[in-house]
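The structure appears right after this line, and notes come after that.
The values are calculated or read from the model by the stated rules, or taken from the named source; none is laboratory data. In this text the structure is predicted, and so the values were computed from the model without any measurement. Here the Cβ positions follow ideal geometry from the backbone for every residue, glycine too, while neighbour counts run over all protein chains shown.
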Amino acid sequence: MQETPQNPYVIAARALAPSFAERASRWDQNREYCWPNLADLVKSRLMGMSIPVSYGGQGASFHDVVLVVEEIAKACTLSARIVVEANMGGISAVMAYGSEEQKTFCAPIVLSGDKPAICITEPDAGSAANDMTTTARKSGSTYILNGTKHWITGGGVSRLHLIFARVLDEDGSDLGIGGFILHHDPERGVVAPGFEVVRHERTMGLCGMPEAELRFTDVVIDETMALKPPSGFGRGFADLMTAYNSQRVGAGTIAMGVAAGALEHAIRYMKEREQFGRPIAEFQGLQWKLTEMDAKVHASRLLLHEASRTLGPTGFPDMTFAARAKMFASEAAIEVVSDALQMFGARGYGADEPLERMYRDVRMFTIGGGTAQILKTQVAGKLLGIRTPQTRDGYSR
Ligand SMILES: Cc1cc2nc3c(=O)[nH]c(=O)nc-3n(C[C@H](O)[C@H](O)[C@H](O)COP(=O)(O)OP(=O)(O)OC[C@H]3O[C@@H](n4cnc5c(N)ncnc54)[C@H](O)[C@@H]3O)c2cc1C
């Protein structure tokens, strides 16, 4: 089920795709952030397209964003990640749960070309995110932030950060986990004292997208920038994590888009490459493989589209549908891209074709944003009616 190109957002995304595809190896080989693509995304109004019209966005639906992400991911994985984070994830949490002041503050920054960073993972709190030790201690009308986050996408280039931290009252009592909006933009003279980019990871794929370790030392955040869902800090993490379900559908869609792109390359090459006096497209073994690849892409797309239609009252997909779709799409995409690379023989292993980059890029999606194992545990928990522990204490009980 391919959506028709009448959708104006899809038309805009398809118009950008050829130049994005052409530049993709540049970001990969130079490990360079794709600023020109970002400028194009701003011009095409795809940055923040989901932000309501009243805040300067286009008020595009969640499903529209999913369609755009697939088109962009076929051409350039990095740019697709930017589209996801500029419409789902952090900014969507602010638009759903934020105060009027927070929304009017954050929306223009994203619309002008910022991909916000979402900061959850810590060195000792990965899958067990609830074990985070970064703290935000109340002090008068401010919160004082201390701790370390790592593998933060966009760390060092993002201006907006949504930082998850354990909220402590003035007397040190634990109030739960909350989100805090930090603005850091040294180029424009906005510096958050105590905020530090400690180092960048050297990654296997998705090269050009910074993955950073961030340190917060007595960073002062005004209480107006505390993102407190209606249920308060106690239940706040669960609420804020519902926003993460949207990012999960986004990440699954990137993986599916890369796989769909790889499938298109495989079809082209099967017709083009001749061995044994005929196009390799005539070999039935390869035809069957191609059909399996096609079925995996279609099944992934259906699960992702289904998840994108399960939006709750705050506009985020259902957790189980999102987990199922991301888990399936990310695992299937690794298989599809690997099979596409195989169709190219030695050529697939070389850098003249984009397959080797796509293969390295797509490998990440069973890890970041909830590993495939954790997502499977979530879905199984739903099927079995078992509540899965999310902290070390939960396992020891
Ligand atoms: C490229 C990239 C970008 C990222 N971007 C961000 C970002 O922007 N913001 C952010 O906050 N984080 C980000 N992350 C971090 C990501 O969310 C974590 O890597 C992920 O949650 C897993 O945590 P971990 O790496 O510490 O693995 P661990 O939790 O240490 O897991 C190690 C292994 O054990 C398995 N495992 C752990 N617990 C269980 C269990 N209960 N049952 C079965 N298996 C289990 C895992 O599946 C994994 O295979 C990013 C990661 C990558 C690779």
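Some points to look at:
- Filtering Ala13, Ala21 for residues that are in contact with a helix residue (DSSP H, G or I) (Cβ under 6 Å, 6 or more places away or on another chain) and surrounded by fewer than 18 Cβ atoms within 10 Å (Cβ to Cβ) leaves a single hit, Ala21.
- The number of residues in the stretch 226-235 that are in contact (Cβ under 8 Å) with a residue 60 or more places away in the chain and either charged (D, E, K, R) or within 16 Å of the ligand (Cβ to nearest atom) (or both) comes to 2.
- Pairs, first assigned by TED's automatic domain parsing to the domain that holds Leu214 and near the ligand (Cβ under 8 Å from one of its atoms) in the stretch 147-165, second among the hydroxyl-bearing types (Ser, Thr, Tyr) and in a loop (DSSP other than H, G, I, E, B), C-beta under 7 Å, six or more apart: Lys149/Thr121; Lys149/Thr134; His150/Thr121; Trp151/Thr121
- Residue tally, condition at positive phi and surrounded by fewer than 17 Cβ atoms within 10 Å (Cβ to Cβ), over the stretch 102-142: 1
- Test: residue in the stretch 57-75 that is touching a Gly at 6+ places or on another chain (Cβ under 6 Å) and either assigned by TED's automatic domain parsing to the domain that holds Val337 or more than 21 Å from Gly252 (Cα to Cα) (or both): yes
- So Gly234, is it assigned to a helix (DSSP H, G or I) and either buried (at least 20 other Cβ atoms within 10 Å of the Cβ) or out of contact with any strand residue (DSSP E or B) (no Cβ under 6 Å at 6 or more places or on another chain) (or both): no
- Qualifying residue in the stretch 187-198 (condition: touching a helix residue (DSSP H, G or I) at 6+ places or on another chain (Cβ under 7 Å) and more than 19 Å from Thr133 (Cα to Cα)): no
- Top-ranked residue in the stretch 181-225 [being out of contact with any strand residue (DSSP E or B) (no Cβ under 7 Å at 6 or more places or on another chain) and within 16 Å of the ligand (Cβ to nearest atom); ranked as nearest to Glu170 (Cα to Cα)]: Arg202
- Helices (runs of 4 or more DSSP H) wholly inside the stretch 298-397 that include at least 2 residues being within 16 Å of the ligand (Cβ to nearest atom) and surrounded by 17 or more Cβ atoms within 10 Å (Cβ to Cβ): 319-343, 355-362, 372-384
- Figure legend. Inter-residue proximity from the stretch 285-313: first residues under 12 Å from Ala333 (Cα atoms), second residues aromatic (Phe, Trp, Tyr), beta-carbon distance below 8 Å, spacing 6+ or different chains. Indicated pairs: Ala299/Phe328; Ser300/Phe328.
- Look at (1) under 30 Å from Ala21 (Cβ atoms); (2) in the same structural domain as Arg363 (by TED's automatic domain parsing); (3) modelled with pLDDT of 95 or more and you find that Gln284 fails only one, number (1).
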